[in-house]
Amino acid sequence: VPSTIRAARADDLDVLVGLLGLLFTMEADFRPDAARQRRGLEAMLADPQRRIVLVAEASGRVVGMGTGQLVVSTAEGGPSLLVEDVVLEESARGQGTGRALLAALEAWARARGASRLQLLVDLENRPALGFYRRLGWQATQLMALRRLL
Ligand SMILES: CC(C)(COP(=O)(O)OP(=O)(O)OC[C@H]1O[C@@H](n2cnc3c(N)ncnc32)[C@H](O)[C@@H]1OP(=O)(O)O)[C@@H](O)C(=O)NCCC(=O)NCCS
């Protein structure tokens, strides 16, 4: 069944928190924490000018998601979209839904003047690396660093 992509609503939050739990279980840098994921998603939904939460729906059920946040890039001299939280439940993978989600995030960013999209992938997530490469994303020489407060 083909998926429909639409903006997330408050009543999607339970399902989205579950999807983020899947993602943060896969990625070595993160631990699932439903309360934090809910707070984060609520913060995004509260700022629709700069942030977008998209869901993929199949047969009336949410099966995947992706988020985007506009940041200002001095390198670009304008907005760039930070893409995060791209994840589909297992049964929905490999049917073009990830491609559709990324296309919708890109369209949202373009409509707001963005000239670049950027994201981070777990270095050991081979399938995701293959997926993004197929979609035309280029690897960079940058390394992600973080300091937790
Ligand atoms: C990564 C993910 C979002 C991809 O979504 P998907 O719906 O399975 O991918 P699609 O079916 O839309 O694939 C789009 C294209 O990428 C290609 N592709 C998908 N996985 C690939 C892989 N491992 N290697 C090479 N190409 C791949 C597909 O063949 C397809 O090509 P085509 O459209 O030219 O035929 C999904 O598999 C997922 O949720 N994975 C687990 C979570 C995750 O890793 N998220 C990324 C975090 S950064």
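Observations, loosely collected:
- Options Q95, L81, G113, ranked by Cα towards positive dipole end of region 75-116, top entry (Cβ charges): G113
- FRET E, pair A103, E42, Förster distance 22 Å, beta-carbon r, rounded to 0.05: 0.30
- Of L129, L19, L105, the one that fluctuates the most in a GNM where the chain has Cα springs shorter than 10 Å: L129
- Computed about the Cα centre, the dipole magnitude for the chain is approximately 360 debye when only Lys and Arg (+1) and Asp and Glu (-1) carry charge, each at its Cβ.
- Where both bridge residues fall in the chain, DSSP classifies roughly 90% of the beta bridges as antiparallel.
- Within the listed set T67, T97, T25, the Gaussian network model of the chain (springs between alpha-carbon atoms below 10 Å) gives the highest mean-square fluctuation for T25.
- Of the residues A58, A28, A103, the one that moves most in a GNM of the chain with alpha-carbon contacts below 10 Å is A28.
- Cα-derived Rg over Rh, computed across the chain with Rh taken as Kirkwood radius: 0.93
- Remark: spin-label model distance Q138-E124 equals 2.9 nm, labels positioned 7 Å along the Cα→Cβ axis.
- Estimated dipole of region 17-64 in Debye, rounded to 20 [Cβ of Lys and Arg +1, of Asp and Glu -1, Cα centre]: 120
- Working from label points 7 Å from Cα in the Cα-to-Cβ sense, the L145 to E57 distance is 4.4 nm.
- Taking each residue as 0.36 nm, the span from V1 to L22 lengthens on full extension beyond its C-alpha to C-alpha distance by 5.4 nm.
- Dividing the convex hull volume of the alpha carbon atoms of region 67-126 by its residue count gives 87 Å³ per residue.
The numbers here are math on the coordinates, done by the rules we state, and not lab data. It should be emphasised that the depicted structure is a prediction, and the values quoted were computed from it without experimental measurement. Methodologically, a virtual Cβ is constructed for each residue, glycine included, from the backbone with ideal geometry; neighbour enumeration extends over all protein chains shown.
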